[in-house]
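Read through the structure below, which is laid out as structure tokens, and then see the notes.
The values are calculated or read from the model by the stated rules, or taken from the named source; none is laboratory data. In this text, all values refer to a predicted model and were calculated from it rather than measured experimentally. Note that each Cβ is placed from the backbone with ideal geometry, even for glycine, and that neighbours are counted across all protein chains shown.
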Amino acid sequence: MSTLIDTFIAPPCHDDVEILYQDPHILLINKPSGLLSLSGKNPQNKDSVHYRLVQQFPGCTLVHRLDFGTSGIMLVARNKAINAALCQQFSQRAVSKVYTALLCGHLQDDDGVIDAAIAKDPALFPRMSISASQGKPARSRYRVIARFYQQQEGVTLPVTRVELTPETGRTHQLRIHCQYLGHPILGCDLYGGRLLPGTEAAPRLMLHASELHFVHPVSNEPVRAYNASPF
């Protein structure tokens with residue numbers, strides 16, 4: 001079996017990891033776009049959310065990850081026991097997430113559900129693929145917030161702002177589901193979010209984790225974290 005090699009080298013990220021909330025058990029942080037969640041195997045990809053946080057909070061662990069280009073809320077456990085409790089919530093789908101995104105084109109419907117299984121395909125690495133026979137079930141909901149036009153190198157292009165709610169947690173789920181819908185996320189290089197050939201559609205991937213709902217692992221109180229989209 002051949003080993004897949006990720007040749008991606010992350011450019012330096014000069015934006016800070018913002019701490020939105022902290023207590024003795026958890027951290028809620030705002031991850032900047034252009035920063036890895038975890039350090040990569042390549043020593044050139046050492047900088048990451050975890051690498052930075054562990055300097056200040058020894059023993060902290062990431063409960064979940066966001067893609068390199070995605071910004072927004074991440075939940076961090078301050079110790080292993082808290083991590084185990086929070087991971088259980090994620091595995092039982094007791095945690096809900098809401099993302100804000102800008103999509104290429106104008107969506108016809110104001111809301112809807114994308115139900116399409118996602119599979120790893122070695123021939124497409126690092127991309128995923130839609131496969132009813134080989135993929136794992138994946139489901140996302142979308143709701144249109146606004147439809148508008150923006151200028152791209154002198155061309156007026158249609159864009160839709162949406163709220164995305166993943167009901168499962170597959171790799172690249174929202175990115176590939178939006179492509180499957182026919183409206184890829186603006187700035188998405190892997191799944192067709194460049195609006196003009198040979199140009200970057202946006203300065204970044206226009207995907208932001210704006211809400212995270214979970215139960216605090218110690219107080220058992222419901223937590224509804226919110227962080228406004230920067231775009």
Practice prompt. Specify the residue that is surrounded by the fewest Cβ atoms within 10 Å (Cβ to Cβ); the eligible residues are those in segment 25-54 that are in a helix (DSSP H, G or I) and of a type in the set (A, V, I, L, M).
Written response: 54
Discussion item. Can you confirm whether residue 138 is at pLDDT 95 or above, touching a helix residue (DSSP H, G or I) at 6+ places or on another chain (Cβ under 9 Å), within 18 Å of residue 67 (Cα to Cα) and not β-branched (Val, Ile, Thr)?
Written reply: yes
Worksheet item: From the set of residues in segment 111-125 that are assigned to a loop (DSSP other than H, G, I, E, B) and touching a strand residue (DSSP E or B) at 6+ places or on another chain (Cβ under 9 Å), which is nearest to residue 184 (Cα to Cα)?
Response: 116
Worksheet item: Within segment 65-92, can you find the residues that are more than 21 Å from residue 168 (Cβ to Cβ) and of a type in the set (Ser, Thr, Tyr)?
Response: 71
Fill in: Test: residue 111 is under 18 Å from residue 181 (Cβ atoms), touching a residue at least 12 places away in the same chain (Cβ under 8 Å), in contact with a Phe, Trp or Tyr (Cβ under 8 Å, 6 or more places away or on another chain) and charged (D, E, K, R)
yes
Item to complete: Answer yes if at least one residue in segment 74-82 is within 22 Å of residue 13 (Cα to Cα), touching a Gly at 6+ places or on another chain (Cβ under 6 Å) and surrounded by 15 or more Cβ atoms within 10 Å (Cβ to Cβ), and no otherwise.
Response: no
Discussion item. Restricting to segment 44-79, count the residues that are over 29 Å from residue 101 (Cβ atoms) and either in contact (Cβ under 8 Å) with a residue 40 or more places away in the chain or in contact with a strand residue (DSSP E or B) (Cβ under 7 Å, 6 or more places away or on another chain) (or both).
Written reply: 3
Practice prompt. Would you mind listing the strands (runs of 3 or more DSSP E) fully within segment 128-231 where at least 2 residues are among the β-branched types (Val, Ile, Thr) and surrounded by 13 or more Cβ atoms within 10 Å (Cβ to Cβ)?
Written response: 139-152, 155-166
